[in-house]
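Here's the structure, in structure tokens; my notes come after.
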Amino acid sequence: MSKPDCSACASRRSFLASSGVALAGLAAAPVIASIEGCGDVGSNIPTLSAPITVPLNSISGIGAAGGVGELYATGYNYKIIVRNNGNAQYQAWSSYCDHAGCEVDYVGTGFDCGCHGATWNAQGVLRNGPASSDLLEFKVTVSGDSLTLSNP
Ligand code: FES
């Protein structure tokens with residue numbers, strides 16, 4: 001995914017602040033839609049439309065404990081990052097950064113967003129903005145040689 005242009009975000013946020021638009025309630029709904037992609041809207045983090053099941057051997061890099069891999073699921077526009085924690089325990093996060101919609105990368109000690117520098121710890125908890133939310137962590141169920149991912 002390419003780096004979104006966020007040059008207009010600050011001016012749109014400034015407009016909202018100066019115009020007295022409250023970002024709550026029905027009256028704000030069209031406004032929220034118009035700033036989608038400018039971040040700071042944690043409730044807009046994309047979720048799965050339905051659970052997905054993937055064979056473990058289809059996710060390169062997660063064969064051993066500590067391994068991290070990535071996958072794309074049909075109908076979900078952001079890569080999903082999966083980590084093997086050992087003892088048949090896995091975690092999976094959406095790579096979606098809620099600042100401006102870039103995809104984050106796993107970097108060993110946590111997650112980084114290359115677009116504007118936000119960082120998260122190894123559990124997907126936000127450390128530094130400009131993002132405003134933790135990464136979306138999917139529920140992971142292990143069944144035989146497959147993982148099923150679903151919304152939390
Ligand atoms: S899109 Fe700006 S920090 Fe991620």
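Please treat every number below as a calculation from the coordinates, not as lab data. Just so it is clear, the structure is predicted and the values come from calculations on it, not from any experiment. Reconstructed Cβ throughout: ideal geometry from the backbone, glycine too, with neighbour counts over all protein chains shown.
Okay, here's what the table says:
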read-out	value
From phi via Karplus (6.51, -1.76, 1.60), per-residue ³J(HN,Hα) for the range 111-123 in Hz, x at Gly/Pro	10, 10, 9, x, 6, 9, x, 5, 9, 10, 6, 5, 9
Label-point gap, in nm, between THR74 and SER60 - each point 7 angstrom along Cα→Cβ	2.2 nm
Gain in span if fully extended, ALA122 to VAL140, counting 0.36 nm per residue against the direct Cα distance	4.8 nm
Residue order, fewest to most beta carbons within 10 Å, for ASP98, ASP145, ASP112	ASP145, ASP112, ASP98
Charge context of LEU48, other residues only, Cβ under 15 angstrom, K/R +1, D/E -1	+1
Net charge of neighbours whose Cβ lies under 13 Å from the Cβ of LEU135, counting Lys and Arg as +1 and Asp and Glu as -1	-3
